[in-house]
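Below is one structure, written out as structure tokens, with a few remarks after it.
What follows is calculated from the coordinates using simple rules that are stated; it is not laboratory data. Remember, it's a predicted structure, so these values are computed and weren't measured experimentally. Glycine gets a Cβ as well: all are built from the backbone with ideal geometry, and neighbour counts include every protein chain shown.
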Amino acid sequence: LFMTPTTALAERKAAKKSPVALVKWGVVGTGTFAGTGTTHRQLPAGAYIGHDPAWFGGLRLRLGEGAVGTAAQRRSGLIIPDYREWPNQLPAIAKHLPSGPVLVQPLLYQDRLVGAITLTRREADPPFTDQDAEALSLFAAQAAIAIENARLHAGVMAHAEQLALLNT
């Protein structure tokens, strides 16, 4: 199924759906860079779809490095018409991506970087638009909250486990 970003936003607003309509945009690959290894200087690869785990799973990108690091460092989304033609591309990543558009959005929680999300399309697919970037930023805001809530929950559970051990 293919859904234009404008249609996806209208559908989401009308039906009050979550922003998961993003997966209907003709995206061939997506990845997140977030998790326990995320620091103010490095972003480890997290979940991914459409990419070879042999190379994607071990990626760690520094701020300012490639599309993900650039968006994270700037703390703003990035639309790239063709990653392989982008002057700041990383050759090690470009050789694994299909030629085509890339959209990157940092995951920010209260102005703190918790990760980044990327979407890729094939060269024959339409480029990402400002409306796509806006929709992904809405999704990224919700994802950042979910990541922070999971981190807080894990901390509370670890503390509860420590307290239970002390009470036995």
Dividing the convex hull volume of the alpha carbon atoms of segment 84-168 by its residue count, what do you get in Å³ per residue? 143
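Using a Förster distance of 22 angstrom, determine the FRET efficiency expected from the C-beta separation of A124 and A94, and round it to 0.05. Walk me through the numbers before you get to the answer.
Details: r = 18 Å, r/R0 = 0.80.
So, using R0 = 22 Å, E works out to roughly 0.80.
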Amide H within-cut-off set for S99, under 5 Å, with H built and near neighbours excluded: E123
Along the charge dipole of segment 84-168, Cβ charges K/R +1 and D/E -1, which of L108, N88, N167 sits furthest on the positive end? N167
Take R62 and L166, extend 7 Å from each Cα along the Cα→Cβ direction, and tell me the distance between the two endpoints in nm. 4.1
Please give the length that would be gained between H159 and Q142 if that part of the chain were fully extended, namely 0.36 nm times their separation in residues minus their C-alpha to C-alpha distance (nm, one decimal). 3.5 nm
Give me, ordered by chain and number, the residues 5 or more places off V114 or on other chains with an amide H under 5 Å from its own placed amide H. L107, L108, Y109
Karplus-derived 3J(HN,Hα) from phi for segment 90-100 (6.51 cos²θ - 1.76 cosθ + 1.60, θ = phi - 60°), whole Hz, x at Gly and Pro, runs 9, x, 5, 8, 4, 5, 9, 9, x, 5, x
